[in-house]
Structure formats: structure tokens, C-alpha cells
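Trainee: The structure is given below, and queries will be raised subsequently.
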Amino acid sequence: MGIWSYVPINRSLDDIMKYIKVAIPDDLEEKVRSKAGVLYGARKGSLSRSVTNALFNWLRPDPEIYVGTTPNGMGFELPKELITELIEILTDILKPGSVIISYLHHEEEVELKYSADEVKSKSRDMTEILMDPTFIAEFDAASLYTGGEGCFLLEANLSKSQRISIAERLLKKASIEIQLTEDQFSVIVREGHIEVLY
């Protein structure tokens, strides 16, 4: 039973497993051991299994699409073709009086102010600006920041229905139809597979 059933008779466990010795802070070590115990029980091998799974997840390719809640709003990782859709959806759901878009151009700050209708019509012509790592959009009390390459962070006081609506509408634009039911969620699309975490 267990891993020994996968080891051919003429090979030892050392032939298929490698050992890595690393130094980590004490508080992190305690958290890792605690999490391993919760996930796999307090038995031999649970720490190795937990760390191995964490490393496999760390080495997985970045998701094509990520939409999830954060303590202060939502986070997104989107392909280029969905970025303008995000701006339009946020404008529809947040219903701002105006949208202020700012970014750096040749080291000088550019600030553009649009009505909600204007930003929706102009967003299609602003894809390169929306991909710029200095881009910020202010939807009245909500702010959308980017690190570039399609990664966005929305800081906003959102209701459960607003979070779900933003996520479902954005995913629908990517031909992904799901119904979210919980207030906190993460939707990950990676290599054609959809994973929803609550």
C-alpha cells in the first residue's frame, strides 16, 4: 500500500525520490506543518506530500484567466481581448459618475476623464494603455490597478451580487458559463480546465 506499491522490486525509494534541504523561517515552518496536518492528517509523509503538492502548484503554468475575490475587492488575470470587456463591465456594474484613467507617457502623467458612456465606447481604442503597468482607472470610490500583462486589482467595496455579476459576465465573454454561489471565490482557467474554489 502507499508509495511502496509503485517502487519496482529492483529499485529503492531513493531512486525515485530526491531530497532537498532548505531553510525557512520558524513561523512558516509551523504553518506548513499545521496545514499539512489539516490536509493529510498527522501521519508520516504528510509534510512531504504537502510540500510536494505546493511545489507542483507553484510550477504550473500561469492561468489563462483568473477571476477572484480579495479582502478589498477583486483580482483578475486576463488575456488581452478581455481587458476592454472588464472596463465595460465595471462601468456597467459600478455605475460611476465619471471614470478617470491615468498612466505615464514618456515619464509624464496623463489623466483622462470620461463619462461612463464615453469610457465604454473609447475603451476598445485604449488596449495598449490598459496593458501599461502604470495604468490606473478610478470609478468614483473604486480603483482599478494593473501590474501589466493583463493582471489587475480592483479595490472597491463590493456587494456579493456585484462580485458575482462582475465574474460571471467577464467569464461569459470568454465563453465560460458558470454560476457562482458564494461571496468569496476564485475561478481559474488553465490549459482548458476550469477550477472554481470557494
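Trainee: Only one of (1) touching a residue at least 12 places away in the same chain (Cβ under 8 Å); (2) surrounded by 12 or more Cβ atoms within 10 Å (Cβ to Cβ) is not met by residue 172, so which one is it?
Mentor: Of the numbered conditions (1) touching a residue at least 12 places away in the same chain (Cβ under 8 Å); (2) surrounded by 12 or more Cβ atoms within 10 Å (Cβ to Cβ), the odd one out for residue 172 is (1).
Trainee: Also: Does the range 164-178 contain any residue that is over 17 Å from the mean Cα position of the chain (by Cα), among the hydroxyl-bearing types (Ser, Thr, Tyr) and closer than 29 Å to residue 112 by Cα?
Mentor: The answer is no, given that none of the residues of the range 164-178 is over 17 Å from the mean Cα position of the chain (by Cα), among the hydroxyl-bearing types (Ser, Thr, Tyr) and closer than 29 Å to residue 112 by Cα.
Trainee: Of these, 114, 103, 145, which one is among the aromatic types (Phe, Trp, Tyr) and within 29 Å of residue 57 (Cβ to Cβ)?
Mentor: Working: 114 fails: within 29 Å of residue 57 (Cβ to Cβ); 103 fails: within 29 Å of residue 57 (Cβ to Cβ).
145 is the lone residue from the list that is among the aromatic types (Phe, Trp, Tyr) and within 29 Å of residue 57 (Cβ to Cβ).
Trainee: In the list 109, 168, which residue meets the criterion of being more than 30 Å from residue 194 (Cα to Cα) and out of contact with any Pro (no Cβ under 9 Å at 6 or more places or on another chain)?
Mentor: Unique residue meeting the criteria: 109.
Trainee: Does residue 196 fit the bill of being in contact (Cβ under 8 Å) with a residue 60 or more places away in the chain and more than 17 Å from residue 99 (Cβ to Cβ)?
Mentor: No; evaluated as a whole, the condition is false for this residue.
Trainee: Now for a separate question. If you take just the helices (runs of 4 or more DSSP H) that sit entirely in the range 40-126, which of them hold at least 2 residues that are of a type outside the set (A, V, I, L, M, F, W, C) and either in contact with a strand residue (DSSP E or B) (Cβ under 9 Å, 6 or more places away or on another chain) or crowded, with 18+ Cβ neighbours inside 10 Å (or both)?
Mentor: The qualifying helices (runs of 4 or more DSSP H) are 80-94, 116-122.
Rule-based calculations on the coordinates, nothing more; no lab input. Because the structure is a prediction, the values reported are computed rather than measured. No Cβ is skipped: glycine too gets one built from the backbone with ideal geometry, and neighbour counts run over all protein chains shown.
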